[in-house]
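Here's the structure we're looking at; comments come further down.
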2 protein chains.
Amino acid sequence: MIVKPYSEVPAENVETAGAEKVTIRWLLGKGSPAPNFYLRLIEVQPGGHSPYHAHPAEHEIFILEGHGRINAKGKSHPVGPGTFALVEPNEEHQFENTGSTTLKFLCLVPIER
Amino acid sequence: MIVKPYSEVPAENVETAGAEKVTIRWLLGKGSPAPNFYLRLIEVQPGGHSPYHAHPAEHEIFILEGHGRINAKGKSHPVGPGTFALVEPNEEHQFENTGSTTLKFLCLVPIER
């Protein structure tokens, strides 16, 4: 069993093209015994955003703090604390902070085999 | 894409033997297009707890609000907002609210195939 405060896991800069002011903490990632899916905590600073992109793996999302939107094909969804989301496989998406505080959310992905 | 406040998903009583004052919201569950794992939000009222049990599926946990502990074989782990946990397959565990407010956490499980 692993039990730990998320703050003990370092935040790494996301260097992917199209990402601005985004960090990621791999709470349960490659080095962990998680057998099926990874738990990550993502922080987007005011004015920042993730890339607008799509990929074969889904995301399951839960917003912890802050305000922003998930931009999708032809639609933009406002999000705030307590919003959850499913980004389906191959669906275009972008997370954007539209507020004045950090947008903080959990983002889970399946382990690729 | 699904984007929704968790409060729109009804809280169901957990009737399992050994569960006291526990409700569950299946945010992304059986009826959803989630392809690999389910997202559930669990609330335990003060004095309540989940069963002390084990099962082949792991749990990935993130504490949103409240205080309590995860009881495991020979050990008890205090938890509060921002604590994450991995309960490994077949590991004995119990979630217990030791505080005076609702213990609220996300609990993810793989889809059984």
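Using a simple charge model, +1 on the beta-carbon of Lys and Arg, -1 on the beta-carbon of Asp and Glu, nothing else, what dipole does region B:1-69 show about its Cα centre, in debye to the nearest 20? Spell out each step's value before the answer.
Numbers: 6 positive and 8 negative charges, 18 e Å.
Charge dipole, region B:1-69, about its Cα centre: 80 debye, nearest 20.
Treat every Asp and Glu Cβ in the protein assembly as shown as -1 and every Lys and Arg Cβ as +1, leave all other atoms uncharged, and give the resulting dipole magnitude about the Cα centre to the nearest 20 debye.
Details: 20 positive and 26 negative charges, 24 e Å.
The dipole magnitude comes to about 120 debye.
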Exercise. If you average the sequence gap of Cα pairs under 8 Å that are 6 or more apart and divide by the length of chain B, what percent do you get for the contact order?
Worked result: 29 percent
For this session: Kindly write out, for region A:73-78 in residue order, the coupling ³J(HN,Hα) from the Karplus curve 6.51 cos²θ - 1.76 cosθ + 1.60 (θ = phi - 60°), rounded to whole Hz, with x marking Gly and Pro.
Result: 4, x, 8, 10, 10, x
Exercise. Just how far, in whole angstrom, is region A:37-113 from region B:1-48 if you go by their alpha carbon centroids?
Worked result: 21 Å
Exercise. What does the average come to when, for each residue of peptide A:83-90, you count the partner chain Cβ atoms lying within 10 Å of its Cβ?
Worked result: 6
Seminar exercise, completed: Dipole check, chain A, charges on Cβ (K,R +1; D,E -1), about Cα centroid: among A:L103, A:S50, A:A19 the Cα furthest to the positive pole belongs to A:L103
Exercise. What list of ³J(HN,Hα) couplings, whole Hz, do you get for region A:17-23 from phi and the Karplus terms 6.51, -1.76, 1.60, once you set θ to phi - 60° and write x for glycine and proline?
Worked result: 4, x, 8, 10, 6, 10, 10
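Values in this text are rule-based calculations from the coordinates and carry no lab data. Everything numeric in this text was worked out from a predicted model, so none of it was measured. In this analysis, Cβ positions are derived from the backbone assuming ideal geometry, glycine residues included, and neighbour counts consider all displayed protein chains.
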